[in-house]
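Worksheet: one structure, shown below.
The values are calculated or read from the model by the stated rules, or taken from the named source; none is laboratory data. Just so it is clear, the model here is predicted, and its values are computed rather than measured. Counting neighbours? That spans all protein chains shown, and the Cβs are built from the backbone with ideal geometry, glycine included. Accessible surface is based on the protein model in full, side chains and every heavy atom, while ligands, DNA and RNA are left aside. Shrake-Rupley method; radii C 1.70, N 1.55, O 1.52, S 1.80 Å.
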Amino acid sequence: MYFCTFKMDTFFVDVILPLHIHDTYTYRVPQEYNDVICVGQRVVVQFGPRRLYSAIVRRVHTEVPRYMVKYVLSILDIQPIVDEKQLKFWEWIADYYMCYVGDVMAIALPSAFRLASESSVSIHPDYSGELSDLTDMEMRVVQLLTEHPVMTVDDISRAIGLQKMMPLLSTMIEREIIVMDEELRQRFVPRTTTYLTLAPAYKEQGKAKELFDSLERKKSTQKQVDVLMKFMQLSRFGEVSVPKRTMLDTTDGKPISDSALKTLIKNGVLLQEEHVESRLEQYERTTSAEDIELNSEQQAAYEYLSRGEKPVSLLHGVTSSGKTEVYIKLINDTIAKGDQVLFLLPEIALTAQIINRLRKYFGDLVGVYHSRFSASQRAEVWNRTRDEDPANRYQVLLGARSALFLPFRRLGLVIVDEEHDSSYKQYDPAPRYHGRDAAIYLAHLWGARTVLGSATPSLESYYNAKQGKYGLCEMTHRYGGLLMPEVLCADMKEEASRIRRERGEQAVAGTTHFSQFLLDHIKQALADHEQVILFQNRRGFSLRIECDDCHWTPQCQHCDVSLVYHKATNSLRCHYCGYSIPLPTECPACHSHHLSMKGFGTERIEDDLSIIFPDAKVARMDLDSTLQKNRYLEIINDFQDRRIDILVGTQMVTKGLDFDHVSVVGIVSADNLIYFPDFRAFERAFQQMTQVSGRAGRHGHRGKVIIQTFNPYHQAIRNVIDNDYQSMYQSQITDRRVFRYPPYYRLITITMKHRDSDVLNEAAARFAGELRGVFGTRVVGPEYPSVTKVRGLYLKNIMMRFERTEAIAEAKRIMVEMAEKLKGDKSLSPLQIHFDVDPQ
Ligand code: ADP
Ligand code: ZN
Ligand code: ZN
């Protein structure tokens, strides 16, 4: 016998779990893995009494822990799936935004990479059923899933009895034999069109003629001749395929027989093919960025940004000034050097249009990544971002903030378009990070440049530019000599008195949400075959129901807010938790039947417009109307193709969408924007009004914007009318200094939650006291937020205010520690505390 005499090292790994927990956890590495274990791999570990998770290896070491640790059960990847830079980025987010690295991991990795014992799997809908390629084990999993369509990883392990089930399932997911259930629920369903083509046999010389002859001979096949004739016409004698619905279209006055068509298909003369509708998925590069001719302002901006004097620069260009063309030039230069580009947008709805513009220049080098994609699509984009083969690698990654977490190989440029947009901030759950600010840090990690672009920059970014921290270039003219829209006010006070004069007091209450002025403009636009966008920042039909006799208003059971009436479902709904009840027919307090509706949202506007303009096609774009997958794309498409005349929507319609035929934009209630209780209200109102105005009048003629307001002389409205960003900036920046707000101060909002309001009050008072002991007057509160209860939990806020010059990394660490300690107090349990750094 021969014995191995040297002693093998024992390795340990610290791993990150995709959970809301503190720190990393240590596991022991089985010696058989000694040669392969490395940082960034996924390993399967047991956490808690029974659960298995795929965790990420953060550190490999030989420091023996002082307590017994469990073994790593298996390794899922040979090649690490995240690299050191990504891990550093995760850690920065966790530190800066005061949350756990596990929180970051949970959103950073596509779910397909986050298999856990409670994940449920089922057979992939596209799986062919081919069994010959499967191993015995895989076959058993498939059989099991045929009998029980949805099972958890746990169930499968128990049924098959294989301890190390995860690596097997992970491979099966990769091979698209099975899917994680989450993916099924949100599966991307492409719209398909059936196309008809001529079977190859009939394309040969003379064959089609023979067919015609034989069909014409019999009376019973006459109808088939008609069908074939129409097909030959439309298909240019079989050269191209024809959509089936075009064949069946009767508007050309030549209806064909459906059954004759079916017969031709059955007999194999015409072939049916399903094509995925790809209006928005144009992959082919059709022009070259070199062919873009920039105007002088664009050229100056492009040259300035190319020099990259500062790592971060702000491109301030009015709406339609052609910022995208400048980006395209910069992207072109970056990828020519072999570097990748990250192009961020605040919202997915905006990606649709920009994808096409980018693909025109960069073809299939462009990858798109966002949360509305299915898990497998996301996994695919992830893999192609880091593909070793440059020919297969995406060079331009376009997406919403989650695209920050993609595994870049060589990042050279980050573009943050519409940088002012507050949707860049993730509000819930943790990590509550700001996409723009995190992007700047990511670029810094890579030594890459960042370009922030906006027509209405955030005060923070503009301030940084003015201070010389960021570079700055400005474009003040619209491209092609197009004029800025003409902005006009409709004075709603006058409107009300006019109605009162003409129709009496009673009439005022219900009808004042459209001024005659706005209606006249809409009418004119419709008469001219132009389109209209109306912006109202509230969704639903009426914002509140109120009893005329006792003023009772229905409230949510779980939240401290009134319920909003939605006509589509004839129900009252809570916009915080989704609680919903049918519309009451009488007041439960006094049994009165006089219930009236107060305030109005997008649904009401849509409804009223359809009555006022019965011939116009009106559509609505807001959270409710776009819940369904891809619905927002359809709305944008329909509007673009002019199947919609008037588009009503929330802030979704204000953002960088580019339509060709919008001549009128209406801001239905500007006062809602201006009198919002927030220190950013003025800035936001200006931004939203200016942005939505920018949708008016593209390609050729000057558009009109009508702002309905009771305060036509309000400064924010005047600034919009004059398109005067500078004056808005000056007035606001002064206020910010005086009232101690960003960018002069940094804010951190601490939100505490508990189901018992007494316990919460005690905890909040205690925490504020302890914080004051350390941070003194930097602590404000505790205060009740504007909504004091959500989903059955009472809320209280403490605001921390630090001077911009203070180093706050240490302060954050102390605050987190204090919070952990307070949460540990059994008498306050279960207390939740979360931090919102740089709240928006
Ligand atoms: P912004 O993003 O600044 O609002 P866009 O980039 O959407 O503006 O440009 C507005 C319109 O002008 C677009 O239709 C765009 O294609 C066109 N455009 C801008 N610059 C050029 C250029 N250099 N050559 C041709 N068309 C341009
Ligand atoms: Zn009542
Ligand atoms: Zn609620």
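Here are the numbers for the structure shown:
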quantity: Packing rank of 229-235, 593-599, 310-316, where each peptide gets the mean count of other beta carbons within 10 Å, highest leading; calculated: 310-316, 229-235, 593-599
quantity: Share of carbon and sulfur in the accessible heavy-atom surface of the chain [1.4 Å probe, %]; calculated: 50 percent
quantity: Relative contact order %, the chain, counting alpha carbon pairs below 8 Å whose residues are six or more apart; calculated: 9 percent
quantity: Ordering of 765-772, 162-169 by burial proxy (mean other Cβ atoms within 10 Å per residue, highest first); calculated: 162-169, 765-772
quantity: Under the Karplus curve 6.51 cos²θ - 1.76 cosθ + 1.60, θ = phi - 60°, whole-Hz ³J(HN,Hα) for the range 441-452, x wherever Gly or Pro sits; calculated: 5, 4, 4, 4, 4, 8, x, 9, 8, 10, 10, 9
quantity: Debye log10 I(q)/I(0) for the range 55-101, one point scatterer per Cα, at q = 0.17, 0.23, 0.24, 0.32 Å⁻¹; calculated: -0.73, -1.01, -1.02, -1.14
quantity: The range 34-101-the range 595-637 distance, computed between alpha-carbon centres (Å); calculated: 48 Å
quantity: Pairs of alpha carbons in the chain whose separation is greater than 45 Å (percent); calculated: 38 percent
quantity: In the range 57-136, the GluC sites (Glu not before Pro) that fall in loop regions by DSSP, at most 15 other Cβ within 10 Å; calculated: GLU63, GLU118, GLU130
quantity: Spherically averaged projected area in nm², based on the convex hull that wraps the Cα atoms of the range 32-175; calculated: 10.6 nm²
quantity: Geometric extent, Cα atoms of the range 288-354 - Rg, Dmax (angstrom); calculated: 12.4, 33
quantity: Stokes-Einstein diffusion coefficient of the range 361-436, Kirkwood radius over Cα pairs, 4 °C, 1.567 mPa s, in µm²/s; calculated: 97 µm²/s
quantity: Percent antiparallel among DSSP beta bridges (both partners in the chain, rounded to 5); calculated: 55 percent
quantity: Environment charge of GLU216, counting only residues whose C-beta is closer than 13 Å and scoring Lys/Arg +1, Asp/Glu -1; calculated: +2
quantity: Sum of side-chain charges, VAL664 neighbourhood, beta-carbon under 12 Å (Lys, Arg +1; Asp, Glu -1); calculated: -1
quantity: For the chain, calculated [θ]222 nm from helices alone, where every DSSP H run of n ≥ 4 adds -39500 (n - 2.57); calculated: -10500 deg cm²/dmol
quantity: Relative contact order for the range 356-409, counting Cα pairs under 8 Å that sit 6 or more residues apart, in percent; calculated: 40 percent
quantity: Accessible-area order (highest first, 1.4 angstrom probe) of the listed residues ARG695, ARG718, ARG217; calculated: ARG217, ARG718, ARG695
quantity: Rg and Dmax of the range 460-604, Cα atoms only, in Å; calculated: 21.9, 65
quantity: ARG478, ARG746, ranked by accessible area, largest first (probe 1.4 Å); calculated: ARG746, ARG478
quantity: Kirkwood hydrodynamic radius of the range 525-603, from inverse mean 1/r over distinct Cα pairs, in Å; calculated: 13.7 Å
quantity: Exceeding the 24 Å Cα-Cα cut-off - candidates LYS70/LYS826; LYS70/LYS812; LYS244/LYS360; LYS209/LYS254; LYS209/LYS262; LYS655/LYS753; calculated: LYS70/LYS826; LYS70/LYS812; LYS244/LYS360; LYS655/LYS753
quantity: Segments 756-764, 354-362 sorted - mean Cβ within 10 Å per residue, highest first; calculated: 354-362, 756-764
quantity: With DNA, RNA and ligands ignored, accessible area of GLU388 (1.4 Å probe; Å², nearest 10); calculated: 140 Å²
quantity: Surface per residue (accessible, 1.4 Å probe) for the chain, Å²; calculated: 46 Å²
quantity: Whichever lysines have a C-alpha closer than 23 Å to that of LYS469, once near sequence neighbours (fewer than 8 apart) are set aside; calculated: LYS310, LYS323, LYS425
